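Enquirer: Here it is, the structure, as structure tokens.
The values are calculated or read from the model by the stated rules, or taken from the named source; none is laboratory data. Bear in mind the structure is a predicted one, so any value in this text is a computation, not a measurement. Note that we place each Cβ from the backbone using ideal geometry, even for glycine, and neighbour counts take in every protein chain shown.
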Amino acid sequence: MTDTDRRTFIAQTAGSMAAIALFPEYVFSAPIIGERLRKVAVIGVGAQGRDIIEQIMKLGSVEVAAVCDVLPTRVKAGQDRAAGAEGFADYRDIFGKRTDIEAVLIATPTHLHTQIVRDAVAAKKHIYCEAPIAHTPDDARAIAAAAATNAGRVFQAGLIARSNPLNKRVRSLIRSDSVRDIVLMYAQHHHKTSGRFPVPAGATDADINWRLNPDVSIGLAGEHGTHAIDFMRYVRSSEPARVTGRGITRLWNDGRKLPDTVQFTMEWVDEVAFDFSATLANSYGGEHQIAYGTNSAVKSAVTHAWYFKEADAATQGWEVYASRQQFGADEGIVLLADATQLAAQGLLKEGIGLEHPPLYYALADYIKSIDENLPVVATAEDAMKSTIAGIAAHKAVMSRAVQAL
Amino acid sequence: MRTASIRPRCVCARSDLRFATAAMGTRFEIVIETAAAESQHDVHWRAVGEAAIAEIERLHRQLSFFAKDSLVSHINRTALSAPVRLDVDTFSLLQDAQAVWRLSDGAFDVTRGSGMDRVILDENARTVSFGCDGISIDLGGIAKGHAVDRAAAILREHGVTRALVHGGTSSVAAVGSPAGSPQGWTIALAPSGTTVTLSDETLSVSSGAMREHIVDPSTGAFIKGPRIAAVTGPSARLGDAWSTAVAVLGARPARMDSEWQTIIEAYD
């Protein structure tokens, strides 16, 4: 079946698709009889690449046909996850040899993305590129420019918060009178770990621990801050204007040149401040984002989200259905991704949390954009802007000087 | 209520690195023993220990029966309507679970519902599917041992020769022996105080005293079994499964391979 036939088939079954829209699991897990599998390649099989393989394999319409890494042990790890995948040490061999592979997912170290994207564009592949997309503003712009020339092909950045069904709910609240005027924004990424990975035989410390290399790494502010910045750009209709920051090493005094604890304050053009912290020295609070508004605050913590109302805010109709959770003196109203549908099915209590890790939804959106010609959820343009802001935040942390955006 | 548990006795005269995480409803700990002369490599050993901990945490997320977004929950939702593709490790975990189910005549069973014979494992496609409605799998009886095995494998892969990995009170893997104790790591079983010495070996413990914990698949009721049902052998995940079978049967299963040793202590 050709791509055109595939799209015609889907258009003709749109009526039945409405009936099964309430059960997204069915759509993505059960291959439609006669439908061919879309072949993809994963380039870079570190921890993120392996996660990508695990989640994309849940999509019944996709086959991971090739995995690529410079380390043979990682190629094997990729093949252990994707039965039948061909292993490669050089991604260019995939483009030369496997013309049946239509889409690639790039999960190499950040500073290696640019050339791979250029080559994938030249080979006319659909591209999913992990975010931050680059380690320099020039490279971020180059990737966006290359993606713009790849006519008829999808480019999606790995800004997975945009695909998270809970965040869609959070965004609709933040853009409504439920939250009203944003006064402050906050995000954090806290995880106690040295951030080092063991170096296997055949690899160098520079290959494996690139995140600790000041020559190529954009540090915690860049690697994690980019995602938090993008979340705030996604939920609001405003852009960052300037950033200040600071960093310190509090725990991992092992000779590293990048701080293990960072903070930055990013001022938006409408003068609202966004505070971000990331540390490798403490895990409390994990990863979450909070938007504080004059009617309520909304907290999104990856797989769960809550709405904290001000006492003088009006009651919304949907609150009648909602569960509540107490956090000290604050009562959080639990937000669900599909509250209305779940209420209609009597499944509200079971709807708390997500059915898949957030990465799954981003990969599902990528494949849907390819299969159904839908708009891309996280575009190259958005990835460029958020990545450049993240790089500026890293510079602010390292220099302690204001960076304009 | 006093329950069977393990108490590793780690008398380390030399420097050691310790790691811990909360996962699978319990606490996992790793001790890597390093000589003073190796302290210059502490950065490397710390990275190795953290990699092992990260693997335990990954398996916790992947194998939880209760987390909606786990692979097990995905299997339970999906495997009736379509085969679910698996990675090598998860597929072999299910194969091991099925093997112990068969060899224990069903005393160990990871299914809730119709039984392991309706779980279809396709080795060529590396998939799992369910042959009828009403089945779900719960890997709680084997997941801790699997996580301990995987953590120990990562330690060995990166050159660790003396370490102990344990998952709460039920599963231990010894990597080598501690310096000064070539016979192995000494583990005490509570409450009896019986000791076991392990070197490149594993120990798994189940207890009939945990009345709300182990179900006899043949009756559906919680077991009353022996106070301690422990097995030692080459694999923590198989040991996890076998110790459960021993607890359910109150005796060593007839078809248990001779490479496994059992310790069964009844109530006084």
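Enquirer: Taking the range A:35-75 as the region of interest, how many residues are more than 13 Å from chain B (Cβ to nearest Cβ) and touching a Ser or Thr at 6+ places or on another chain (Cβ under 7 Å)?
Expert: Adding up the residues that qualify gives 3.
Enquirer: Further, regarding this structure: More than 14 Å from chain B (Cβ to nearest Cβ), modelled with pLDDT of 90 or more and in contact with a strand residue (DSSP E or B) (Cβ under 9 Å, 6 or more places away or on another chain): which single residue out of A:G332, A:G390 fits that description?
Expert: A:G332
Enquirer: Going through A:P214, A:P200 one at a time, which residue ends up being at pLDDT below 95 and part of a loop (DSSP other than H, G, I, E, B)?
Expert: A:P200
Enquirer: Do we have B:S64 as closer than 22 Å to B:H146 by Cβ and at pLDDT 95 or above here?
Expert: yes
Enquirer: Could you tell me which residue of the range B:65-92 is surrounded by the fewest Cβ atoms within 10 Å (Cβ to Cβ), considering only residues that are in contact (Cβ under 8 Å) with a residue 60 or more places away in the chain and more than 9 Å from chain A (Cβ to nearest Cβ)?
Expert: From the range B:65-92, those in contact (Cβ under 8 Å) with a residue 60 or more places away in the chain are B:65, B:72, B:75-76, B:89; that's our starting set.
From what's left, more than 9 Å from chain A (Cβ to nearest Cβ): B:65, B:72, B:75-76.
Working: B:F65: 16, B:V72: 21, B:I75: 22, B:N76: 19.
In this case the residue turns out to be B:F65.
Enquirer: Mind listing whichever residues of the range A:39-69 are in a strand (DSSP E or B) and surrounded by fewer than 20 Cβ atoms within 10 Å (Cβ to Cβ)?
Expert: A:K39
Enquirer: Which condition number in (1) modelled with pLDDT of 95 or more; (2) outside any strand (DSSP E or B) is the one that A:D270 fails?
Expert: (1)
Enquirer: Could you check the range B:27-45 and list, in sequence order, the residues that are at pLDDT 95 or above and either exposed (fewer than 15 other Cβ atoms within 10 Å of the Cβ) or within 8 Å of chain A (Cβ to nearest Cβ) (or both)?
Expert: B:R27
Enquirer: From the residues in the range A:357-376 that are out of contact with any Leu (no Cβ under 9 Å at 6 or more places or on another chain) and under 16 Å from A:Q48 (Cα atoms), which one is farthest from the other protein chains (Cβ to nearest Cβ)? Working first, answer last.
Expert: Applying the first criterion (out of contact with any Leu (no Cβ under 9 Å at 6 or more places or on another chain)) to the range A:357-376 yields A:357, A:359, A:369-376.
The next check asks that each one be under 16 Å from A:Q48 (Cα atoms); those that pass are A:357, A:359.
Details: A:P357: 5, A:L359: 10 Å.
Once the filter is applied, the top-ranked residue is A:L359.
Enquirer: I'm trying to understand the selection: among the residues of the range A:70-89, which are surrounded by 19 or more Cβ atoms within 10 Å (Cβ to Cβ) and polar (S, T, N, Q)?
Expert: A:Q79
Enquirer: Also, quick follow-up: Is it the case that some residue within the range A:283-296 is under 17 Å from A:R211 (Cβ atoms), assigned to a loop (DSSP other than H, G, I, E, B), within 14 Å of chain B (Cβ to nearest Cβ) and modelled with pLDDT of 95 or more?
Expert: No, every residue in the range A:283-296 fails to be under 17 Å from A:R211 (Cβ atoms), assigned to a loop (DSSP other than H, G, I, E, B), within 14 Å of chain B (Cβ to nearest Cβ) and modelled with pLDDT of 95 or more.
Enquirer: Kindly indicate the residue of the range B:119-137 that is more than 14 Å from chain A (Cβ to nearest Cβ) and surrounded by fewer than 18 Cβ atoms within 10 Å (Cβ to Cβ) and also nearest to B:V100 (Cα to Cα) among those meeting that condition. I'd like the intermediate steps shown before the answer.
Expert: Kept after step one, since they are more than 14 Å from chain A (Cβ to nearest Cβ), are these residues of the range B:119-137: B:119-120, B:131-137.
Add one more test, that the residue is surrounded by fewer than 18 Cβ atoms within 10 Å (Cβ to Cβ), and what stays is B:120, B:131-134.
Values: B:I120: 15, B:G131: 20, B:C132: 21, B:D133: 23, B:G134: 22 Å.
The extreme case among them is B:I120.
Enquirer: A further question on this structure: Based on this model, can you work out whether B:D109 counts as away from every other protein chain (no Cβ under 14 Å), at positive phi and in contact (Cβ under 8 Å) with a residue 60 or more places away in the chain?
Expert: Spelling it out, it is not the case that B:D109 is away from every other protein chain (no Cβ under 14 Å), at positive phi and in contact (Cβ under 8 Å) with a residue 60 or more places away in the chain.
Enquirer: State all residues of the range A:176-200 that are over 21 Å from the mean Cα position of the chain (by Cα) and more than 14 Å from chain B (Cβ to nearest Cβ); if no residue qualifies, say none.
Expert: Across the range A:176-200, the qualifying residues are A:S176, A:D177, A:S178, A:V179, A:R180, A:D181, A:I182, A:V183, A:L184.
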